[in-house]
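Worksheet: one structure, shown below.
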Amino acid sequence: MNNMDMGKKPLDYSEAVHYINELPKFTKKHTIGHTKEFYKRLGNPAADRKIIHVAGTNGKGSVCTYIQSILESEGKKTGFFTSPHLVSMNERIRIGRRNISDQEFYRVFKEVYETVEKMGREGVSHPSYFEFLYGMGMKAFSYSDAEYIVLETGLGGRLDATNSFEHPVLTVITSISLDHTEILGNTIEEIAGEKAGIIKPQVPVIFDGNDVSASEVIKKTAGDVGAPCREITKNAFEIQEVNRKYIAFSRANAYDKDINWRVPVCGLYQAMNAELSIQAAEYLLRNENTHKELWREAVASVHFAGRMEEKPGRLVIDGAHNPGAVEGFVESVQALESGEKTLPVILFSAAADKSYEEMAACLCKKLPAKAYIVTEIEDKRRISAGELGRIFRRYTKQKVIERKSIREALKAAYEEQGEDGYIYCVGSLYLAGAVENILEGAVSDA
């Protein structure tokens, strides 16, 4: 792609966002070699910082957030590169606990744009959407006082743009399940191999070892390159309490066995994510005097948009968008709904490249609902409400309602809810973001 394809140079924040949003129409993913060249041309920004590199199918965003929160509780300055965003593109680049401002966003955009423009004149292809934002993130971190940078992979690991950074201080791999099979492989072992691609020689890796097949791949990869590895399973902690406000758990080690930790979200899987993060922080800060009481406060104070997030009106938004994540979602809702008298309402949508029939089957078979409401995400990869409706009716005799508009689908969910029931929104991050926007609009219009 040359720069003539994209029109004139963006002159402000909104034009910059539009430019980036147009990139998928003109560019494609490149090799790690290309990304390394792009990063070098940017001046190797933030190469002097301590990088924690995190991959996995589910939970990596949560793990990154916990790690950042714990480090911040000890007075460490941090940066965090994450994806996707729910509402604003700025969410992808965070300095400390805040998203970068529009002004900061445009500043680093201009620098990356100018580098890319020069690359184009020299015949070097334009970075993709994710690669461009990765370059912006590293530029933003280079201007900050961040000592630690938490890098979340976008897709996979081995070929991900973030894997162009060669010398992290720690790698973390979260739970692995089937997702993006058309790119990453059709088996857990193949996908684990892609995720394990972030493991570097002599760099320790801490990983979720609950899946035996994935664990074997990760341990072999680590052994092949001489990377010390620590396997974490559900034996490392014990759930003590589950309610709609938090999950309480104790850790199995001698120091913490009589102390309760809390995660401020009602997803059972978050206890595992928190444990991975705590162990990561214990390694990172192993030579320092630490304050675990501050860590517990930090973990308990984290806010997760779109992850079992309860909104007013008994509406819960969860971004689970693959079979493994939906299984975790169902397990959490089963625990929450065990004492409820009214069946919940499920609001669902999905992208065409996801295993939407498997997700639908799981919901229908394991999570009885008063009604299943299906709708369409606003994306070219949408599945029609009619097709989703047909799939749901294969697996349930309960009411299935089809609405093309997410706003109309949410309205239908409230009509079905009743006085005491809950609505659960699940199946797509696009759906989660759209519902967040609708709710924010309702609040601002009030």
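List of remarks:
- Residues considered: Arg262, Arg286, Arg296, Arg230. Of these, the only one that is assigned by TED's automatic domain parsing to the domain that holds Ser69 and either among the acidic types (Asp, Glu) or loosely packed, with under 15 Cβ neighbours inside 10 Å (or both) is Arg286.
- Going through (1) free of Cβ contacts under 8 Å to residues at least 40 places away in the same chain; (2) in contact with a Cys (Cβ under 6 Å, 6 or more places away or on another chain) one by one, Leu347 falls short only on (1).
- Within region 254-300, the set of residues being over 17 Å from Ala236 (Cα atoms), outside any helix (DSSP H, G or I) and of a type outside the set (Gly, Ala, Ser) comprises Pro264, Val265, Cys266, Leu285, Arg286, Asn287, Glu288, Asn289, Thr290, His291.
- Counting only helices (runs of 4 or more DSSP H) that sit wholly inside region 71-187, those with at least 2 residues that are under 28 Å from Val426 (Cα atoms) are 129-142, 181-184.
- Within the option set Ala248, Ala252, Ala214, being surrounded by 18 or more Cβ atoms within 10 Å (Cβ to Cβ), at pLDDT below 95 and at negative phi holds for one residue only, Ala214.
- Restricting Leu336, Leu363, Leu367 to those that are outside the structural domain of Gln270 (by TED's automatic domain parsing) and touching a Cys at 6+ places or on another chain (Cβ under 8 Å) reduces the list to Leu336.
- Of all residues making up region 12-34, the number that are part of a helix (DSSP H, G or I) and of a type in the set (D, E, K, R): 3
- For Gln334: the one exception among (1) touching a residue at least 60 places away in the same chain (Cβ under 8 Å); (2) surrounded by fewer than 21 Cβ atoms within 10 Å (Cβ to Cβ); (3) assigned to a helix (DSSP H, G or I): (1)
- Count of region 1-48 residues which are under 27 Å from Arg381 (Cα atoms), modelled with pLDDT of 90 or more and of a type in the set (D, E, K, R): 2
- Filter pass, Ala325 being at pLDDT 85 or above and either part of a helix (DSSP H, G or I) or more than 20 Å from Ile176 (Cβ to Cβ) (or both): yes
The values are calculated or read from the model by the stated rules, or taken from the named source; none is laboratory data. This is a predicted model, so every value here is computed, not measured. In this analysis, Cβ positions are derived from the backbone assuming ideal geometry, glycine residues included, and neighbour counts consider all displayed protein chains.
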